[in-house]
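Worksheet: the structure to be examined is printed underneath.
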Amino acid sequence: MKTPLIGLSTERLIVHDPIVSVGAKEAYARAILQAGGIPLLIPVGLSLTQLRELFQNLDGILLVGGGDIDPARFNGEPHPRVYDVDPARDEMEIELVQLAATHKKPLLGICRGAQVINVALGGTLYTDIASQLKGALKHDYFPGYPRDTLAHKVKIMDQTHLEKIIGEDEIQVNSLHHQGLARIGEELRVSAWSPDGLAEAIELLGHRFLMGVQWHPEWLTQHPRHFALFKAFIQAAGEMGA
C-alpha cells in the first residue's frame, strides 16, 4: 500500500508586512506524518478546475483551524468577534467538503474545519458561543495556557464512527474556538457533545470517514485516544488509495 497523500487546507497570513504567506501550523503536518501520511498544502487561490484536479490526486483531506467563516454563508448573525474572514478560503474548503462527500474520500475537519463541514452541508453556526448559547462553558482560547491544556470533557455517542475510533464514551479535550455548531447539516449526526449542550463532533452518515471535531487533536498526539483519530484517518485514506 502506498503512503497516503493528504491535502491540508491553508490560510493566508501576513508574516512580514506587507508580504502575504500561505500555510498551516506545523502541528497538523506533524500529526499526519506521525500517523503515516504525507502532508501536502493546498494553497488558497486555486481555480475551481485546479482544485478539482488536485483533489483527484489526493487520498484524503484535512481541513485545519483558523479564522472564522463568513456569517453570510449560513445566514448568521454578524458579531464584533468575527475575525480573519477569507471568502476565497471559505469557497475552497466548502468545495472540498462537497467533493469528499460526493466521491466518498476521507476528510477530517478540525475546529474551523468541523464548522466548514456543517456549513457546506446546510448547517449553521453560533457566530459567538459565549454571547449566543445560554449557560455555555468557556470554549475559547485560555490565555497563558499551552494549547494542549485539557479544558472540558465531551460525551461520545454510542454506535458512532468516533466511538469506534476513540474506544471510550467520554474524553477530555482542549478548546480553542469561539464559534460553534448550531443547526446540524443534512445527513450529519452529532457524535460528541460538551456538557453545556454544544455539539463537539459530527460525522456524515453513510461515509467511510468524513468527520469533524471542535477540539484540536493535533496538539494532543501524546494521548493515544486522540492520536487514534489521525491513525484511523490515515488508514481510511490508505484504503482509498490502495
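Key figures for this structure:
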item	result
Förster radius 22 Å - calculated FRET efficiency between Asp148 and Glu168, Cβ distance, rounded to 0.05	0.75
Contour excess over end-to-end distance, with Cα ends at Leu33 and Gln98 and 0.36 nm allotted per residue	20.9 nm
Highest-MSF residue in the chain out of Ala31, Ala201, Ala114 [GNM, Cα springs under 10 Å]	Ala31
Range in the chain, longest, excluding exposed GluC sites (Glu not before Pro) [loop by DSSP; at most 14 other beta-carbon atoms within 10 Å]	1-167
Extension reserve of the Glu186-Val20 stretch, reckoned as 0.36 nm per residue once the Cα distance is removed	56.2 nm
FRET efficiency estimate (nearest 0.05) - Cβ-Cβ, Asp196 to Tyr141, R0 22 angstrom	0.80
Sorted by Cβ density within 10 Å, fewest first, the residues Val20, Val213	Val20, Val213
FRET efficiency for Glu77 and Gln56, using Cβ-Cβ distance with R0 set to 25 Å, rounded to 0.05	0.10
Relative exposure of Phe209, Phe142, Phe233, Phe74, judged by other C-beta atoms within 10 Å (fewest first)	Phe142, Phe74, Phe209, Phe233
Within the chain: Cβ-based charge dipole about Cα centre, in debye rounded to nearest 20 (Lys, Arg +1; Asp, Glu -1)	400
Segment 5-241 - convex hull of alpha carbons, volume per residue in Å³	122
Computed over segment 53-179, Kirkwood Rh from alpha-carbon pairs, angstrom	16.1
Gain in span if fully extended, Leu46 to Arg208, counting 0.36 nm per residue against the direct Cα distance	55.6 nm
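Read-outs: derived from the displayed coordinates by stated rules, not from any lab. Because the structure is predicted, anything quoted here is derived from the model rather than measured. Note that we place each Cβ from the backbone using ideal geometry, even for glycine, and neighbour counts take in every protein chain shown.
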